1. How much of the accessible area of the stretch 46-177, probe 1.4 Å, is carbon plus sulfur, in whole percent?
2. At residue 142 and residue 98, where each label point lies 7 Å from the Cα along Cα→Cβ, what is the point-to-point distance in nanometres?
3. Using a 1.4 Å probe, what is the accessible area per residue for the stretch 86-179, in Å²?
4. Starting from the Cα-Cα distance between residue 39 and residue 59, subtract it from 0.36 nm times their residue separation and give me the gain in nm to one decimal.
5. Count charges around residue 174 for me, please; just the other residues with Cβ under 9 Å from its Cβ, Lys/Arg as +1, Asp/Glu as -1.
Amino acid sequence: MDRRNLLIGACALLASGCGGGGIAPRAELGPDGLPLPQVYRISTEDAGEVQARMLEGVNSVRAANGVSPIVYDDRLNSAAASHSRDMAVQNRPWHFGSDGSSPLDRARRFGYPGLVLGQNISETYETELETLGAWMQAPDTRETIVDPRAREMGFSWFQEPAGKIWWTLVIGNSAMAAPRPAPNPAAVVQAE
């Protein structure tokens, strides 16, 4: 009898650890028999956690590569948010804005005084950490993330109603002066 009570108690304990004590819902299967992907939805309440996970992920990767951690910069966050929305409007992952702006132009618009070292973008249904993992697989986007000159980052996204996410990561160093555009000789007016 004690053995039976022990077995029942163990089963009850296992069931209670499974969240709600009930049977887990079945995943929907596609025609190939594989589970259908679930849409990753980001609510307004989740935004802070998403940003915290990305910063932690970026800094973990940077530490593993022997470079110093970076911090968020509100101006770069604003530039990233602006570009994510603009990519959705353009319906293409593209480094230039619909107005022809570059990552540096957008950072300037939001008052960032430093050098923009790089920008990573993505059009996906993946989470922020899956996207970071994908960026780490490509040499050019990996270089942006582990650039030893980086001190700040901006990160944001725009999610469409159907779930597609447009991610933008901007890396910079506010202590480094950004190059100023050379004057256009045709625009210079000679004083007489």
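1. Values: 3200 of 5960 Å².
Heavy-atom surface of the stretch 46-177 belonging to carbon and sulfur, 1.4 Å probe: 54 percent.
2. 3.5 nm
3. Numbers: 4190 Å² over 94 residues.
Per residue, the stretch 86-179 has 45 Å² of solvent-accessible surface.
4. Values: separation 20, 0.36 × 20 = 7.20 nm, distance 2.65 nm.
Value of the extension gain: 4.5 nm.
5. Numbers: positive: 75, 151; negative: 73, 152.
Local net charge: 0.
The values are calculated or read from the model by the stated rules, or taken from the named source; none is laboratory data. Because the structure is predicted, anything quoted here is derived from the model rather than measured. Counting neighbours? That spans all protein chains shown, and the Cβs are built from the backbone with ideal geometry, glycine included. Accessible surface areas use protein heavy atoms only, side chains included; no ligands, DNA or RNA. Shrake-Rupley method; radii C 1.70, N 1.55, O 1.52, S 1.80 Å.
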